[in-house]
Structure formats: C-alpha cells, structure tokens
Amino acid sequence: MRKSLARAGRIGAVFLMVGLQAGLSAFAAPLDADIQRRVREATFEVVVPKPAKETVTYDKAWQDLIPYQLRSDKYLSIGTAFAIGPGRYVTAMHVLSAAFGDSQREPMLRDAAGNIYPIDKIVKGSADQDFVMFTLAKAPGHSAVLDVQEKPELNETVYAVGNALGEGIVMREGNYTSDTPEEESGRWKWQRFSAPISGGNSGGPLVDAKGQVIGVVRAMRTSENTLNFAVPIELVTKAPENVVTVDSRSITGFLVFDATKASRVKADIPLPKSFADFSAAYAKLSDDFSAGQLRELMAENASDTFPRGKSSERLLHGLYERSAPGVVVKGGNGLWAIPSLNFTRLDLGHDGWQDAASFKGISIFHRHKPDDVQAAAWYADPQLARELVLKSSPPTIHVGGENAKILSMGKPEEDTRFTDIWGRVWQIRIWHPTTAFSSEWLAEFDLPVPDGTVGFDTRLMPIARASQLERLKLLTGFIAASYEGKLSQWDQFLKQEALLPRQLKPAMLRVDYGRSLAFDDRRLAFSFGPDLQKIERDLHLRLDFAFIPTEADAALLDIAGVSTFNSDDKTETGIFRHSTPAASANESVRKEWQKRLHHEHPYDAVASLVNGKQAISAIYGSADAEPAPEVLYTFQYRAESTTSQDAMKAKLDLLMRDAKVGER
C-alpha cells in the first residue's frame, strides 16, 4: 500500500520528490519575527479530503494507533504552496499531480487557522520544470504575499519553508550552495541548498533572510541529504501565461522484447482550467502520447515480433505442454520462446491454491478454485478470489508496534471483458483501493479456465491509466496457457459460454460418466470407454495449445494436445500434434521428427520405462507415407512401471481405435 498521495514518484535516477513520508528533525529558524509572520501567512498546506468511505478492510482498527491529530484530521496533507502575488499561488507540479486521476481527492489549500480554500483555475506552469501557478475560488482573509528575488547570491543564508511531516509550517536554515544543470540536456539550472527538508516540504518557498522567495522546494537527493533541490523562482515568474508546457524525453519499451523507442513529448496545455479539467487534459496528453509511442514501437518491430519473422519459427513449430502459464518473450539469442517462470504456491484451502511468479514487475498466476466454491460464483465474483488470496497471504502495515492485515479491497470499480488476438476471453478487473492515507489502482486480467483462473495483475500509475491498460491488453497476446481440470470442472466451465475461447465449444467434449468420453475439435476426434480409463468426475483432462503458422506470415492458436490422468491408478493418455521442424530447428528436433515419420522407437508401439513409468507411443497413419506429411499426431499411454507390454499395447489400441485425424 502506498503510504501517501504525496509520494509522487521519481524524476531521473537519483531525485526523490519530497512527499509526506520522509523525515529530518526540524529546528527553529532565526528569521526576524515580522518576516516570519509574513512568510507563515503567505504559506499554506496543500491538502486533499480523506474519503468518506474506505474501500480497504483490515483485521483491526489500525487508525486508532496513529497520532490523534493525524487520525482526526479530515484532510490529508500532501505538500506546500505559497502566495506570490495578489490571488496567485505556487506549488510544485508533482504535488498537484499526486492527485491526478482521483476525482474524489481534488487538492485544496489550508491555512494555519484550518480554513480551506479550493483551487479555482490553473493559470500557468511547467511539467518539466516542476511548478504550477493557480488561483483560489475564495481569497484568504489575509493578503500576505511573498516578494521574489530572481537573482539570489550564492552562499547566502536561506530558509526552507513548508509543511514538514504534515505537522504545520516550519522554517529551517541553510545555505544556497550552488546551481546544477537540469539532468536531460542542461536547459536550465536547479538550485541546490543545504537547509533540511522533510516529507511535505514539496512546493514550499525557499526564502532568503529578507523573506523573499528565491525558489520552489522540489526534491531532496536520496544519496546526499545535505544538498536539496529547488526550482529557481525566475523560471516561475518568466514562464508564459495561460499555458502549462510539457517538453521532455521519453523512452518506451514493451515487456516481451528489448527494443525501445526514444521520443520527445512536446505540447502546450492551454489555460486557464479548473483542476479537474487540467487533470483530465494532462491525463489525455499522457495517454495519447504513451499509446502513440507504443503503436510506433510495435510498428517499427512488426516484421520480427511474434508470430512474424524467422525468429518466431521454432515457437510456431512447437507445443506448449505445461500446467503453469508462460510468457512469450524474445530471448538474448534473438529467438522467441516461452521460458519457465519460478512459481511459488499459496494454499487457498479446500484443495485450492495459487501459483504465482514475478515477470518484470507483473505477477503471473494460476489460481486453482477451492472445492467449496461454486464455479459460477468463481467466474462472476472477482472479490471472492482476491479475498481468498488476501486471507492466505495478507499484506500488512506496521503501526504503533502492531501489524494490521488487509482482508479485503472491496469490489472492483470496473469489471469488463476483452477478447485477445487469439480469441480468448479475459475478464479485466480494476480496483481502486482507498484508505484515509492512500489511493492506488490495481489491474487484474483473468483468463477463465476449467480449474479456476490464469492471469496477471499489476499496479497502475494514476496518470495515463488508459494507455497502461492498452499495453496490458497487448500483453495478453503473449500469454501461453493450457486449459485443464477435472471432468466435473469441465462440465461447469463449458456452461460459461460467454467466457469460452474461440477454440472451445461445449459440443466438442461429450462425457457419459461410467461409459464413455468423446472429443472432437475438427482436427482430431477420438473416444474411449472405461476399459481404457475410468470415466469419473475426478478424471483430469488437459488441453494444450500451439501457435500454428498460417498464410501471410500470421498464426492462430489452437488445440494441439489432449491428455487425461487418473489419479487413482496413475494412468495417463495423451494425443499430441507435431508439425515439421522449423528451418532453424536444431539437430535433435530434426532427428525426433524423422523417428516419427519412420515410426521408429519410441513411436513403434513398444513400451519402455520413462521417468519411472511405462510409456508406449504410436503415430497415427502409415510409416513413411508419401508425400511426407507436414503434421503428425502421437498417441501415448502411460501406466505403472510393472505394466506388461501386452497390457500397454492393448490400452494404446483402445485409445487409437476410434480416432480420426483431419489434417496432414
């Protein structure tokens, strides 16, 4: 959980925006009393209202453990602002942007007496230089403003003024030590100063001994706390009116390959605007730019992005045979592949579990539905599954020597469906977990499967959420997954017709318990009875998929493996589709294909010991057929190691007896 809206992120590699959380002890500043009074009257907290209702539920009332003043305050302090002229107020852009994307938390100013002043209009600013000027809807009762000093002297005494640690306006002494170039190309210089600053100082004035503003407190250097950074006030006063400028370099990438695109976002947001309208305009600019960058990046790499290009050949001639989900990525060798992820299992109770792995900041998971949860509820109620995960592994916060566990994030704000490029139906759930002290966004993409859900989730930045979601939708096309479950689970899953992928139809699987199991998907048809395996509700069925090349350098995703497993007698059946090796295939793959073509061992219906079990395999059709087929189907049966060759062959014959293959 984010501890405060004021934690607004990073700019560059070493600068941390000064939000509410960091801390250095305050000490009194020896300014003249009249100057102190004027500076205090002209300086305000920037606050946002606490939500009327929190969406996050904890196992204890941890808010009672925090100091009374913070607990009882109806507002959350996120930074500092100050008056620079009649009706004109200034703060750091990142202070206001901490509330972007959150319609319930519009920032306001608060004076020392507790009076609240809503923002009226944003009148000018710079996203890159990190400042913004605005007016208020109601003028404060006093008219104190700060004079400016655009040409301060190096090494003079300065005072950092601000709402340090959310405990009121304090002033702390130091020196204006130096200037340092802006990080990208030195277009302007930041001021460096030694006066201590703490969380909440962001946006406050940096004043000289006369109480004149020389800069806007911006950031502290995380590796060197004695030198902090401010925006020179000259940048503020000389900035053009009625516009917020954006002019920065941006690098766009995508999770599944290393290629990036560097571009410049350069735009003007016309003003004046209300905070809500400015926030929306800024978000649209960010969304449009990010989405355009991603489109251009993908277009520039389209000819060699899976499933196109020679780098995809090996994967297009393979088969994904894993219970755990995978991600299609371009490896260091330039070839597309599906590397194994390191999954950790979480027990959800009643034979339910979650396997989860981290992939570049995204959590990839497979959730196996607990037996005591109805399938219809599992697929329809996203809160149910998430709370099971929270119950088994609750995030905690540490307050006042105690740990409070998160039990629920409530219902998602959005619950929609999306069909990916392969025809699979995803459920997109967006949560907005909100407490009095935090506001976040979480996106979860769920792919319904017979035994539960496969998917991924990640946190969203509050700005440009639309483009982030488009990026995640694009990622769905690079997720590999098998569909598996007990026959009883398949019964329930196939009834969810709106959630079925294009490749699955309810009629393709016909089960008559105790008598027969039949499968028919147009490429492959087969059936068997209890003389091969018991047709019980607990019989496990898995469908594996392959990316199959088609015309015009494209591909489709389709069923390429059907296997069953009986946990009682430890028997397995499997039918797998294999295509001719890719031109770039290694020698071992080519040799295996030749064995299949010639029906050589282990594809000769002769049993052998494999990984402690007896396995017997055969190829559908005639050996050495002419013309040579481009696709072959392998039929396999596995049983305990003590099973005889005659018994193994009889079982394999039962599996192949009614089989039909509809492609060559």
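The values are calculated or read from the model by the stated rules, or taken from the named source; none is laboratory data. Note that the coordinates shown come from a computational prediction; the quantities given were computed from them, not determined experimentally. Please note: Cβ atoms are built from the backbone with ideal geometry, for glycine as well, and neighbour counts cover all protein chains shown.
Worth pointing out:
- Residue within the range 249-264 that is surrounded by 18 or more Cβ atoms within 10 Å (Cβ to Cβ), touching a Phe, Trp or Tyr at 6+ places or on another chain (Cβ under 9 Å) and within 30 Å of Val48 (Cβ to Cβ) present: no
- Criterion violated by Arg314 - all others in (1) modelled with pLDDT of 95 or more; (2) part of a helix (DSSP H, G or I) satisfied: (1)
- Residue that is farther than 26 Å from Pro370 by Cα and part of a strand (DSSP E or B), where the choices are Phe545, Phe526: Phe526
- Gln533 passes every criterion in (1) assigned to a loop (DSSP other than H, G, I, E, B); (2) more than 16 Å from Leu654 (Cβ to Cβ) apart from (2).
- A Cβ distance below 7 Å, combined with a sequence gap of six or more or placement on separate chains, defines the contacts here; from the range 302-331, residues that are more than 19 Å from Glu587 (Cβ to Cβ) reach residues that are part of a helix (DSSP H, G or I) and charged (D, E, K, R) in the pairs Ser311/Asp304.
- Looking only at residues of the range 234-270 that are part of a strand (DSSP E or B), in contact (Cβ under 8 Å) with a residue 60 or more places away in the chain and hydroxyl-bearing (Ser, Thr, Tyr), we find that the one that is farthest from Gly477 (Cα to Cα) is Thr245.
- Evaluation of Leu557 against (1) over 20 Å from Asp653 (Cα atoms); (2) among the hydrophobic types (A, V, I, L, M, F, W, C); (3) surrounded by 18 or more Cβ atoms within 10 Å (Cβ to Cβ); (4) more than 40 Å from the chain's Cα centre (by Cα) (one fails), failing number: (4)
- In the range 95-129, residue farthest from the chain's Cα centre (by Cα) [restricted to those that are over 30 Å from Gly186 (Cα atoms) and among the aliphatic types (A, V, I, L, M)]: Ala113
- Residue in the range 615-636 that is in contact with a His (Cβ under 7 Å, 6 or more places away or on another chain) and among the acidic types (Asp, Glu) present: yes
Residues are listed down the side, and each one gets a yes or a no for (1) part of a strand (DSSP E or B); (2) among the polar types (S, T, N, Q); (3) within 30 Å of Gly309 (Cα to Cα):
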site	(1), (2), (3)
Leu341	no, no, yes
Asp347	yes, no, no
Ile364	yes, no, yes
Val373	no, no, no
Leu390	no, no, no
Thr416	yes, yes, no
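- Pairing residues of the range 637-648 that are assigned by TED's automatic domain parsing to the domain that holds Ser608 and of a type outside the set (Phe, Trp, Tyr) with residues that are surrounded by 11 or more Cβ atoms within 10 Å (Cβ to Cβ) and part of a helix (DSSP H, G or I), at Cβ distances under 8 Å and at least 6 apart in sequence or on separate chains, gives Ala639/Ala647; Ala639/Met648; Ala639/Lys651.
- Residue that is nearest to Leu460 (Cα to Cα), among those in the range 346-361 that are under 16 Å from the mean Cα position of the chain (by Cα) and in contact (Cβ under 8 Å) with a residue 40 or more places away in the chain: Gly361
- Taking the criterion of being more than 18 Å from the chain's Cα centre (by Cα) and charged (D, E, K, R), the residues of the range 362-410 that qualify are Lys369, Asp371, Asp372, Asp381, Glu387, Lys391, Glu402, Lys405.
- Of all residues in the range 496-519, exactly one satisfies the criterion of being aromatic (Phe, Trp, Tyr) and assigned to a strand (DSSP E or B), namely Phe519.
- You will find that of Ala195, Ala144, Ala239, the residue that is at pLDDT below 95, under 16 Å from Val90 (Cβ atoms) and either in contact with a Pro (Cβ under 8 Å, 6 or more places away or on another chain) or of a type in the set (A, V, I, L, M, F, W, C) (or both) is Ala144 and no other.
- Screening Gly85 on (1) under 15 Å from Val216 (Cβ atoms); (2) surrounded by 15 or more Cβ atoms within 10 Å (Cβ to Cβ); (3) more than 27 Å from the chain's Cα centre (by Cα) shows it passes everything except condition (2).
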